[in-house]
Amino acid sequence: MDKRLLTCVSLCKGRVIADIGTDHGYLPCYMAAEGLCDKAYACDVAEKPLESAAAHITENGLESKVTPILSCGLEKVPNDGLTDIVIAGMGGELIVRILEDCQWLTSAKPAINLVLQPMTKWDTLREWLYSNGFEITAEKPCISGRFVYSVMQAVYTGKTPEYPCDLRYLFCGRVKASENDGKEYLQRQAVRLEACAKGKQASGDSDTAGEMLALSKTLQAECE
C-alpha cells in the first residue's frame with residue numbers, strides 16, 4: 001500500500017466500502033485485513049485486473065469480506081448498506097462520468113461518503129462537485145514517489161457549498177500549506193498556474209492570465 005492509497009483509506013468513514021477501479025484490490029483487502037471495514041467490494045470494468053484482485057483476495061483469505069465485481073463504474077455495485085465509495089487513480093473527467101451515471105447516489109440515505117483521487121482534470125471534478133450539490137468536506141495532499149496528489153472527501157448535500165467556486169478552489173481545492181505535504185501540493189499547482197497563464201496569454205485572454213499569475217504568486221508566498 002503506497003501513501004496515496006493509505007490517504008484514501010484515512011478518509012473512509014463507514015463499514016461497507018466500494019473501491020471503483022480497484023486494479024489489484026489492494027485498498028479493499030488492506031481495509032478488510034486491518035478491520036477497517038466489515039464488507040468491501042473490489043470493482044473493475046476490465047476482467048484482467050479483476051482476476052488479479054480476486055487472486056489477491058484469495059491469497060489473503062478474505063473471501064468472506066471482499067467481493068470482486070465486474071462493473072462499469074457503480075452499475076453493478078450493491079448500494080444496500082454501502083457507506084463509502086472510493087474512486088482513485090483515474091482522470092477527473094472519468095470520475096465525473098462514473099458519478100453522473102449512478103442513478104441512486106444522490107438519493108442514498110444516509111449520504112454516502114465519497115473518496116476521490118483524480119490523476120488529472122482535478123479542476124473539472126471540483127467544478128462538477130460544486131455545481132451538483134456535493135460539498136468537499138476534507139482534502140488531503142500526499143506525496144507518493146515523485147508525484148503529489150490530492151485526495152478529496154465529498155458528500156452530497158443537494159445545496160451549493162458555502163465556499164466559492166473560484167480559481168483557487170478549482171486548482172487547489174481546500175488544501176492548506178500548513179497540512180502534511182500541503183506546501184508541496186500548492187507549489188506544484190503554482191507552477192501549473194504559470195504554465196496555464198502562458199497559454200491564456202498566447203490566446204489573447206490576458207485577464208485570465210493575470211488572475212492565474214496572481215494566484216501563482218500568492219501560493220508561492222504561502223509556501224515560503
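The values are calculated or read from the model by the stated rules, or taken from the named source; none is laboratory data. Every value quoted in this text rests on a predicted model; they were computed, and no experiment measured them. Cβ placement follows ideal geometry from the backbone for every residue including glycine, while neighbour counts extend to all protein chains displayed. These accessible areas exclude ligands, DNA and RNA; they are computed on the full protein's heavy atoms, side chains included. Shrake-Rupley method; radii C 1.70, N 1.55, O 1.52, S 1.80 Å.
At a glance:
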quantity	calculated
A177 of a type in the set (A, V, I, L, M, F, W, C), assigned to a loop (DSSP other than H, G, I, E, B) and either closer than 23 Å to K3 by Cα or free of Cβ contacts under 8 Å to residues at least 24 places away in the same chain (or both)	yes
Verdict on D205 being of a type in the set (D, E, K, R), more than 18 Å from L116 (Cβ to Cβ) and open to solvent by less than 60 Å² (accessible area, probe 1.4 Å)	yes
Total residues in segment 20-71, condition hydroxyl-bearing (S, T, Y) and open to solvent by 50 Å² or more (accessible area, probe 1.4 Å)	4
Pairs, first hydrophobic (A, V, I, L, M, F, W, C) in segment 191-211, second surrounded by fewer than 17 Cβ atoms within 10 Å (Cβ to Cβ), C-beta under 6 Å, six or more apart	A209/Q201
Given (1) open to solvent by 50 Å² or more (accessible area, probe 1.4 Å); (2) under 14 Å from T7 (Cα atoms); (3) at pLDDT below 95, number of the condition S144 does not satisfy	(1)
Every pair of residues 6+ apart whose Cβ atoms lie under 8 Å, when the first sits in segment 16-34 and is closer than 14 Å to I69 by Cα and of a type in the set (D, E) while the second is part of a helix (DSSP H, G or I) and open to solvent by 10 Å² or more (accessible area, probe 1.4 Å)	D23/P49; D23/S52
